[in-house]
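In what follows, a single structure is set out as structure tokens and then discussed.
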Amino acid sequence: MQWKSTKETTTILLKTAMATEQPVPKTHRALVLTSRAEKPQVQTIPTPQVGPGSAVIRIIQAGVLSYHRDIYSESKERPYPFPLPLVTGVSAVGRIAAVGSDATSLKPGQLVFVDSYIHARDNPSVGFLSGIHEGYTSGSQTLMRGEWKDSTHAEYAKMPLENCHALDEDRILGSPDKGGLGYLVEELAALTKMAVAYGGLDDINLKAGETIIVAPATGAFGGAAVEVAVAMGARVIAMGRNLDVLKSIAARHERVDIVQMTGNLETELDSLRKFGNIDACYDISPPFAGQSTHLKSSILALRHGGRVSLMGGFRGDVPMPYSQIMHNNLLLRGKWMYDNTQMKALIKMVETGVLKLGERAGLKCAGKFVLEDSEAAFTKAENYPRASLVLIP
Ligand SMILES: NC(=O)c1ccc[n+]([C@@H]2O[C@H](COP(=O)([O-])OP(=O)(O)OC[C@H]3O[C@@H](n4cnc5c(N)ncnc54)[C@H](OP(=O)(O)O)[C@@H]3O)[C@@H](O)[C@H]2O)c1
């Protein structure tokens, strides 16, 4: 069953979640993957119990990634490691149902964004992605195989307190005649991709008035990076193969120009240099773009002292124009995800209205599906990679 995306259903969902906020039942429904050879199934399992340092959240909606099916199948595209059986998931929105005895600001009933990037408390450089990837260190594996194993495609999820970001509900979801921004709750799903973009853009200290190349800009995370960079005050040169999509992105913004990827380094470089001084570039290439010329042309187009954020999914080595990087004092900065401070800063940008979400950012929610229809949700997500989709428990 697919939910209708209206204000009315949003209100019902929010109220339902509030009404069932307490007490936490002994069992709940969750989407469970037991083997990669089989599809995940909805099962009734024990509800996670709250303890010190954690919160149990009544999930209102949890995100669906365009590659969720790949991750949970035997597909060779994304052989991400994680323990089985697994309650699937990613970042979500929900209401706090219960908090550990050491919680000092989060309270039951509060609306929160549940961030799926979980860090070790005794070593912040160790992290894993709830529902997605256990990482490659013994520390990250300890986290995902133990205390924080299960994710958010469920009625309830247990998360570290610091992964529950309180949202100003009146401001974000409230009606504009009462000072609210009037978003639908499912539009908050776009935060997942925008946080990744902000992680890289903030790391290279992107400033208002600067010019940045985002490449490729036509995909899910690249599209989010364009929106975030514009909200940070930058002028964006969106690079991509698909001219129609590029034009539709540029049509929404005064400060977005476009350059088509042609596969020819010289033509790409000529087109980029027409924009004068370019301060930075943000790469979010997929694994299969290894032969593309866009990363090299972007780097060569940068001004002296320019910055490069590397967030793409390349698996092998990528050749670099070493001499130009050295002579031009370029800074190369890799980044996996984002940190907690960046997540909070991003939420502030939404609450102040600087950063637009959902349809207003061209990142429409393409559908809401019940847990039992996860297969339909995964299929739709594959077909609409730029859009957000959510599962409703
Ligand atoms: N560092 C991190 O923390 C982090 C976090 C999330 C994701 N990622 C990485 O980001 C990558 C992109 O993810 P996504 O979800 O945005 O993917 P996506 O939605 O599938 O978009 C892929 C983008 O790459 C372009 N592309 C595909 N093949 C290409 C080629 N051969 N040459 C040039 N461009 C090509 C596509 O352009 P067309 O529109 O022309 O097809 C599209 O713009 C993934 O590999 C993922 O691993 C990294």
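What the Cα convex hull of the range 153-230 gives, in volume per residue, is 148 Å³.
The listed residues 186, 147 rank as 147, 186 when sorted by accessible area, largest first, using a 1.4 Å probe. Listed by chain and number, the lysines placed with their C-alpha closer than 18 angstrom to that of residue 193 are 335, 344, 348, 356, 364, 368, 380; residues fewer than eight positions away on the same chain are left out. On the range 239-358, 52 percent of the accessible area sits on carbon and sulfur atoms, based on a 1.4 Å probe.
The value of relative contact order for the chain, using C-alpha pairs under 8 Å at least six residues apart, is 18 percent. Working from label points 7 Å from Cα in the Cα-to-Cβ sense, the residue 177 to residue 269 distance is 6.0 nm.
Does anything in the range 321-343 have its amide N under 17 Å from the 7 Å Cα→Cβ label point of residue 354, and if so which residues? Only 339-343 pass the distance filter. Using the Cα gyration tensor of the range 195-334, with a ≥ b ≥ c the square roots of its eigenvalues, what is the shape: rounded (a/c below 1.5), prolate (a/b larger than b/c) or oblate (neither)? Judged from the Cα gyration tensor, the range 195-334 comes out rounded (a/c under 1.5). Here the gap between residue 38 and residue 208, fully extended at 0.36 nm per residue and compared with their Cα-Cα distance, gives a gain of 56.4 nm. Computed with a 1.4 Å probe on the full set of protein chains, the accessible area for residue 221 sits at about 40 Å². When only alpha carbons are used to place a centre, the range 350-385 and the range 48-86 end up 17 Å from one another. Here, the chain has an Rg and a Dmax of 20.9, 64 Å when only alpha carbons are counted. Note on residue 262 and residue 372: the extension gain reaches 35.3 nm, defined as 0.36 nm multiplied by sequence separation minus the Cα-Cα distance. When nucleic acids and ligands are ignored and a 1.4 Å probe is applied, residue 82 ends up with an accessible area of around 20 Å². Just add up the charged neighbours of residue 279: K/R +1, D/E -1, any other residue whose Cβ is under 10 Å from the Cβ of residue 279. Every neighbour counted, the sum reads +3.
In percent, what relative contact order does the range 195-334 have, based on Cα pairs under 8 Å that are 6 or more apart in sequence? So the answer I get is 23 percent. Among the trypsin sites (Lys or Arg not before Pro) within the range 81-161, those in coil by DSSP and having at most 12 neighbouring Cβ atoms inside 10 Å are 121. For the range 204-309, the set of GluC sites (Glu not before Pro) satisfying both a DSSP loop assignment and a count of at most 12 other C-beta atoms within 10 Å is given as 254. Rolling a 1.4 Å probe over the protein heavy atoms leaves residue 132 with an accessible area of roughly 10 Å².
Relative to the current alpha-carbon distance between residue 324 and residue 303, full extension at 0.36 nm per residue lengthens the span by 6.5 nm.
In this simple spin-label approximation, residue 84 and residue 248 carry label points 7 Å from Cα along the Cα→Cβ vector, and these lie 3.7 nm apart.
The values are calculated or read from the model by the stated rules, or taken from the named source; none is laboratory data. The structure presented is a predicted model; accordingly, all values stated were derived computationally and were not measured. Using ideal geometry, Cβ is built from the backbone for each residue, glycine included, and neighbour counts are taken over all protein chains shown. What goes into the accessible areas is simple: the full protein's heavy atoms, side chains included, and nothing from ligands, DNA or RNA. Shrake-Rupley method; radii C 1.70, N 1.55, O 1.52, S 1.80 Å.
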